[in-house]
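Computed from the coordinates by the stated procedures, all read-outs in this text should not be read as laboratory data. Given the structure is predicted, the values throughout are model-derived calculations rather than measurements. Note that each Cβ is placed from the backbone with ideal geometry, even for glycine, and that neighbours are counted across all protein chains shown.
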Amino acid sequence: MGVRILSIGDELLDGSCVDTNAAWLASSLADRGLSVDSINTVPDIVERIASSLVESASQSSLVIATGGLGPTPDDLSREGLAHAIGEKLVVDDAALSWSRSRLEGRGFQFTSPQAGMARRPGSASWFPNDMGTAPPLHAKIGECDVWLLPGPPAEMKSCFEAHVLPGLPSNEPGERSWVERIRCHGLLEAEIVERLGELLDRDNPVQVGTRMSRGIFIATVHAASREQGEPVAASIEERLRPHVLGRGDVTMSSSVGGLLLEQGVTLATAESCTGGMVGACIVDTQGSSRWYHGGVVCYTNELKQSLLNVPSSLFEPGAPGAVSAEVASAMAQGARSATGADIGLSITGIAGPDGGTQQKPVGTVWISIARGEDVTSRCYRFPGDRQGIRRRALTHALQLLRLVLLGEVESASLPWESTG
């Protein structure tokens, strides 16, 4: 089954919005053993939408378009579909009733622009949207199935899973039907390629795709069956240990949480330059309350002293200063004491663009892990802008914690490590 994805919207072409829908759809389809032939971005112009739908339908058996189903004048996907199949738009009474009930049930007034969302080409079908108010549409262009899904990611995902996914074949004969993703952090791409070696050969019956996403390396294994693909996935994990986070949708936080639960210990955080990013990442993980006590954001030296009992002498002229192993260590120990957690994690650094010195340039970050009487402290010199430095500090802190929990902290390093 050939699949084409159309992303509709001017905002995708002028750089004001990043198209995450297409990536998610391609990944979801790959999990079913279905390959995407192309991903195209189309402006909010009826004729362009129509011609893209017709062209895509002529070369595939499934077209999934996202965006342009709302109530504003530039939401023109319905018009584009109607133009593509040569039909007029009609108001579907059932869709109109559903839309009215949906809005009024939420306490909103039903208006004429919102009524426009109940329109469809005569031969098309509408479906409920459990996460929003714009009904998705299904139609045929020749022998090709065409779906119009809402643009907001939560709505798009819900509609795809509820209405499109049940009708898809899991795979076709000869297609790869088993997919597994292995996630890893803390190795440079060149080192990863060297470690994986022949597993990346394009002539192998089991294909391994690779990509980086915000510092996380993802190896995707495509095989005809689990029996064929599992040995390759296991080999990837073995070659990338101990930096492997896990499989599937595992995150840095959930990987850390799994280890903490296994060992029956809890965590607290103390953050300066990351300003709560680590805590926010952790509580995004379902069930984190079982292993995370909480965190302290102490941006000023005064708060480091009053909330975490960092000695004031460390901030005096000639002393190590806020960005140092001594302060990071005291912050981690203070987080443990303040919260009663078994482990304290701290971050203090210079995210820039100002504040750097020759001895401590922008990007200098100290991370400490305190567990019992043991304290592990590492200094890193991260490249990038302010956001990039803070994001790298977040992922490195959690990976450093993983290495401590695995007992691998002395044998496995992370990129950009410095002596301080």
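Points to keep in mind about this one:
- Estimated dipole of the chain in Debye, rounded to 20 [Cβ of Lys and Arg +1, of Asp and Glu -1, Cα centre]: 660 debye
- Here the relative contact order of the stretch 178-247, from alpha carbon pairs under 8 Å that lie six or more residues apart, stands at 48 percent.
- Rg and Dmax of the stretch 3-167, both derived from C-alpha coordinates alone, stand at 14.8, 44 Å.
- Working note: Karplus 6.51/-1.76/1.60 with θ = phi - 60° gives the stretch 183-188 the couplings 10, 8, 9, x, 10, 6 Hz, where Gly and Pro are set to x.
- For the stretch 252-418, the direction-averaged projected area of the alpha-carbon convex hull comes to 8.9 nm².
- Derived from the Cα gyration tensor, the three semi-axes of the equivalent ellipsoid of the chain are 48, 27, 19 Å, largest first.
- Positive dipole terminus of the chain, leading residue within Gly122, Gly287, Ser225 (C-beta point charges): Gly287
- Taking Cα atoms only, the orientation of helix 252-263 departs from the longest principal axis of the chain by about 60 degrees.
- Evaluated at q = 0.10, 0.13, 0.20 Å⁻¹: base-10 log I(q)/I(0), Debye formula over Cα of the stretch 72-158: -0.24, -0.40, -0.94
- Sum of side-chain charges, His163 neighbourhood, beta-carbon under 12 Å (Lys, Arg +1; Asp, Glu -1): -3
- Over every Cα atom in the stretch 178-247, the radius of gyration and the widest Cα-Cα span, Dmax, amount to 11.1, 31 Å.
- Within the same chain, lysines fewer than 8 places from Lys360 are excluded, and of the rest, those with a Cα less than 21 Å from its Cα are Lys304.
- Using every pair of separate Cα atoms, the Kirkwood estimate puts the hydrodynamic radius of the stretch 33-76 at 11.6 angstrom.
- Efficiency of FRET from Cβ geometry, Ser289 and Glu237, R₀ 22 Å, rounded to 0.05: 0.15
- For the stretch 143-291, the spherically averaged projection of the C-alpha convex hull amounts to 12.9 nm².
- Histogram of C-alpha separations across the stretch 356-401, 10 Å bin width, %: 27, 49, 21, 3
- Ellipticity at 222 nm from helices only: DSSP H runs of n ≥ 4 in the chain, each -39500 (n - 2.57), divided by the residue count, give -10500 deg cm²/dmol.
- For peptides 96-109, 266-279, sequence by mean Cβ density within 10 Å, most packed first: 266-279, 96-109
- Distance between the stretch 395-420 and the stretch 130-202 - C-alpha centres, whole angstrom: 33 Å
- Annotation: the antiparallel percentage among DSSP beta bridges lying fully within the chain is about 65.
- Each distinct pair of alpha carbons in the stretch 67-123 adds a 1/r term; the inverse of their mean, the Kirkwood radius, is 11.8 Å.
- Its alpha carbons give the stretch 107-212 an Rg and a Dmax of 21.2, 61 Å.
- According to the calculation over all Cα-Cα pairs in the stretch 292-367, the P(r) per 10 Å bin from zero is 20, 51, 25, 4 %.
- Built amide H within the under 5 Å cut-off of Ser418, gap 5+: Cys379, Tyr380, Arg381
- Positive-end residue, the chain charge dipole about Cα centroid, Cβ charges, pick of Asn301, Phe110, Gly80: Asn301
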